[in-house]
1. Between region D:241-283 and region B:216-257, what is the separation of their alpha carbon centroids in Å?
2. Sorting check: for D:290-300, A:504-514, which peptide has the highest mean count of neighbouring beta carbons within 10 Å, and how do the rest follow?
3. Within 10 Å of each Cβ of B:53-66, how many other protein chain Cβ atoms are there on average?
4. So, by mean Cβ neighbours within 10 angstrom, what's the order for A:238-247, A:287-296 with the highest one leading?
5. For chain D, build the charge dipole from Cβ charges (+1 Lys, Arg; -1 Asp, Glu) around the Cα centre, then report which of D:126, D:275, D:15 sits farthest towards its positive end.
6. Stokes-Einstein diffusion coefficient for region D:232-329 at 4 °C in a medium of 1.567 mPa s, Rh from the Kirkwood formula over Cα pairs: what value in µm²/s?
7. Report, as a whole number in µm² per second, the diffusion coefficient that Stokes-Einstein gives for the protein assembly as shown at 10 °C and 1.306 mPa s using the Kirkwood radius over alpha carbon pairs.
8. Do any cysteines of the protein assembly as shown lack a neighbour Cys whose Cβ is under 4.7 Å away, and which are they?
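Read the figures in this text as sums done on the coordinates, not as results from a lab. Everything quoted here is computed from the prediction, not taken from an experiment. Note that each Cβ is placed from the backbone with ideal geometry, even for glycine, and that neighbours are counted across all protein chains shown.
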Amino acid sequence: MSTLSLPQTSYIRDNSRTFTDWLKSWLLTVDHKRIAILYLLAINFFFLLGGLAATLVRVELITPQGDLMSSDVYNRAFTLHGVIMVFFFLIPSIPAVLGNFLVPLMIGARDLAFPRLNLLSWYLYMIGGIFALIAAVFGGVDTGWTFYTPFSSTYSNSNVVMTITGAFIMGFSSILTGLNFIVTIHKMRAPGLTWFRLPLFIWANYATSIIQILATPVLGIALLLVVVERLWGVGIYDPALGGDPLLFQHLFWFYSHPAVYIMILPAMGVISELISTFSRKRIFGYEFIAFSSIAIAILGFLVWGHHMFVSSQSVYAGLVFSFITMLVAIPSAIKVFNWTATLYKGSISYRTPMLYALGFIGLFVIGGLTGIFLGVTAVDLHVTDTYFVVAHFHYVMVGGTIMAYLGGIHFWWPKMTGRMYNETWGGIAALIIFVGFNMTFFPQFILGYLGMPRRYHVYPPEFQILHVMSTAGASILAIGFIVPLIYLGISLRKGAIAGDNPWGATGLEWKTSSPPPTFNFDKTPIVTEEAYAYPPEAAERDAAAWRPGSPL
Amino acid sequence: MATITHEEAHTHTHGPELQHQFETPEQQKEAATLGMWAFLVTEIMLFGGIFMAYIAYRWAFPEAWEESAALLNTPLATVNTVVLLVSSLTVALAVNAAEEGKKRRLVTMLVLTIVLGLTFLVIKGYEYSEKFAHCAGAKDPISWITGSDLHESHECLVPGRGFHFPAEHGSASGGHGAAKTATMQSGHQLFFLLYFSATGLHAIHMIIGLGVMTTILVMAVRDRFSPTYFTPVEIGGLYWHLIDIIWVFLFPLFYLV
Amino acid sequence: MAEQHTHAHAHHHGEKHTHISRGTYYRVFAALMVLMVLTVAAWWVEKNLIELPGWLAVTIAMSIAIAKTVLIVLYFMHVKISSRMTQVYAAGAFVWLIILFVITMGDYVARGWPPQAGPLP
Amino acid sequence: MRDFPLFPDQASTFATQVDQLYFFLVALSLIFAGVLPFVILYLIVRYHRSQKVDRSNPVDSNLKLELTWTLIPLALVMVVFFWGAFLYVQMRTPPARTLDVYVIGKQWMWHVQHPNGKRENNELHVPVGQPVRLIMTSQDVIHSFYVPAFRVKQDVLPGRYTIMWFEATKPGEYHLFCAEYCGTEHSLMIGRVVALPLADYERWLATPGPVVLPDGTIDTGQPVVAPTIGDPMAAAGARLFTSLGCAGCHAMAGGGVGPSLQGLYGSNSVMSDGSTVLADENYIRESILNPTARVVSGYAAVMPSYQGQITEDQLNQLIAYIKSLADTGN
């Protein structure tokens, strides 16, 4: 490595004398990088909590009888898992952690446009999270993360209001993050950084932000009306009072389907960065990948009804939604093909982030294709609300978002901390996660087509073998998630000094020191070339430099 | 533009109001405006959910809508519309005054806006209390407070267990059973629920808007603005206008048609 | 790109950022008041003089509301003289509202609701 | 293999059709998900940095290629869409003559009532080779009626009827699940669907047996199987029609305070606001519970609501009776 010690000044260091000062300097920081670290800690905490709930669910499902816990506890466990994972992990994960850290760095800005708003987002996220936790501690909530009415508004006697308040507050955190990114990307780009020189991660985050500001408020008001109905017994969704429960589903999925793209689009952005860097090549079809992000963001708003094919929605609406769902599959396919084509004639190295990226492609392809199964109306009638759906969205969200999140964390870890993690353990963990993941969720496709409904506490005994396989895979998966926690933690003290650009990547974030100084760049950079500006002979040179014993 | 102005503008770029992350005041101002607009987009979508429910239920219960709208206090709402439109003008003039660096006019306009905003809330509050007074059995809010003239309530338009839509306005004026049905479900209660949700949410925005305006007023009095820096006035104004726009739709949708 | 980075340090009002005069504000306000009187008058006429079909009354009221909104957005909110991006965002909000309304109502109309919404005991 | 199935039973006319489409989708997926990983594997091995291969003239865009992998998937998903759409419309459109069975979902059981009044809980007996239409409603929250072996599923909503139909092809016992999460005992809201040959079904239908009704009372199952009338459910409805006093206004011959109900079901009636309404189950239901919502042209809105006065069961009987009047009318 080029340097032997961490830079003298960086965003992590400060000269607080007392512990209180140090704590204040973090909790009152307006530095986007520090806020990203705050998010990183909080989000990983919630991930572990959601994972714990998932463990309870999977362990319960080893046997067909409901013997480990009562159905009430089981329902609370899977609801906790859903609420935490969706609202407090998947939606903020990549934008709030990696996006917060990288957006200003990648566009050569000193900070986000509204740094204090950014800190407010984090506090809103934490307050929302605390509400959700309080709800979980004092009795939990048993509606499922979808809060379907009239069950949530009238029949459930769990802490629905508290949980919804948490989700509502967190929604504003998400809106403010999106708003901040939009303005930052529009107004704060370094001189010379035109739209088509932007890294694809920025495009993806921009598309995500649009969804966040357009869709989240609709969820907010839909949930607010559930609370109103629940507290005052007035009916807006309750058919007993003239309302229509399907209106809730429409409003809910108007947000919650695009929310899926809030989760996957930034992940796709990360993958574009990884594939290009570790192939030492310009990304294939830059414009197509960039515009496919925007296309997904827009088309993603027109397909929410495919969650409602059996809900007694009209046949006509079902057909329209199904048709547009087919269309939204295309931009995702375009991305996958372009990533694959990027590999051709590259100089590929199997570093940990690349392993995650390759894993992402494999799993996302399966997730995406099974999405088509679910988008086809006739097949959906059979498989919706079964484990087929469960398997599908875990392939997209765990196989997609979490793989990209982990890949991104590893890729930018040296930039965030200035130190390298252990590459061997990184590779091993990536493989464990890949294997464990497939073992957990592939059997669920079979279970789903067999007709095993989701959210079942007890189930017919003939499904047991597949459930046991799934639980076995889940335990492998859990180990895979714990290993990185350990070696990344160790790297904070013992990791090799990374230097400014350990991967030899392009991109503005690699042009500053690791970890970067508080205002990112000593001088505002002036951009003269596009992202991924690898010269044509970069791959050849990289391969020529390879000697036995160099990293794979 | 004269060189001297140029220099002044330049000194201002390093003035206290330019935040560290921006290069120029123009950049900061454009960022603030775009940011405010992005926020207004979310506000519009927030109300969009209520409007969606309104459209669906209006389509489902057209008669209930017609009958219910007749029971709202249209004259008061008309006054409120005028109040809000005037306040929109004063806000626009306040921005204009800030742009031209006329502090006196700016302060006057802001004070006027706040007064108009309060007027709106007072009228709205009276309208609400009328409905609540009817539920309590009083003829109007004053007799409700004084506790005089209480009798069995013949109408209660506040959604909830006590909701009671007066039979003489119901579609089935003949059948006593029908009036009961109208009380329990059908569109009447939904209408008033949406009415209270939408105008209530609007009133909350109004209160926030008043807070924003007061802050700007304090800043204006303390000479924080100049012709080169008046972004808070401008984006605060945007927010105020949005509140106005939402009322522009709420007014005809609930009180007129 | 509409908002390419410019490095000029001093321009009060660049060619984009022109100015709306006070006269315009007063004229817009007058127009708003006229529209308001119109919408209330239309309501009064419907109520007391001639019975209009419901859809027509709604169309009139909504057209007037939209006209008012356009005036406020363009002049009071300065969208007319704002950057292209601001204009796109301002328009985008309304487009998305329409998406929500049209698709959802498409389902309602096709579903034949409320006939299926018979109340339950 | 009963203990470890990998593929569900095919027991309805839809099952094979849905499975064909499913297999087509699986085949398509194998082309992508099966081939693409090997392409990637090949590329990452061949172009690994340790390999001495030709890397000159790397390409980073190719419009033809982009169009190829845009248009081919587009064509494929369109094929899949239309295939699925036609099947979907078919699955959502019951044929003209069906065996109608009423289903009520409640937390956490299914209650089924057959055309002759025979009731059962958490079980559904259907004949093989006969299209069956389920007319379903819920007493509380949203449930979903799901028979995997038939490949059919439909949400059951409170306050309205939803319709589902199927035709069993193979005698046997199949799982019945509630597929929409409905609360604590959601996973116990299960039962079985028993498909019987027609003769067995008729024998079963004629056997009385006590059943607990949704409101907790016990129905002996005895009196409803009245041999004289073709449809005892309608007969029960006829008795209700008299005892509730409906006949006082809705005189058969017409001329009463309310319109005659003869031939009403399935016909189009003109409403007082000028619109036309198809008198189906939902309209009849609405007219009983909320009579003033849509009044037939020429009649005053004077009918009282029967909201809360009759049970969901009795409502079904009344509807069956009014439907039976349609047959005699024409």
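1. Centre-to-centre distance over Cα atoms comes out at 56 Å.
2. Details: D:290-300: 18.6, A:504-514: 20.4.
So the order, starting with the most tightly packed, is A:504-514, D:290-300.
3. Numbers: counts 12, 1, 5, 13, 7, 2, 5, 10, 4, 4, 5, 2, 1, 2.
The per-residue average across the peptide is 5.
4. Values: A:238-247: 24.9, A:287-296: 20.9.
Ranked from most to least packed, the peptides come out as A:238-247, A:287-296.
5. Checked the options; the winner is D:15.
6. Numbers: Rh = 13.4 Å.
Diffusion coefficient, whole number: 97 µm²/s.
7. Working: Rh = 33.1 Å.
Stokes-Einstein gives a translational diffusion coefficient of 48 µm²/s.
8. Within the protein assembly as shown, the cysteines lacking a partner Cβ under 4.7 Å are D:178, D:182, D:246, D:249.
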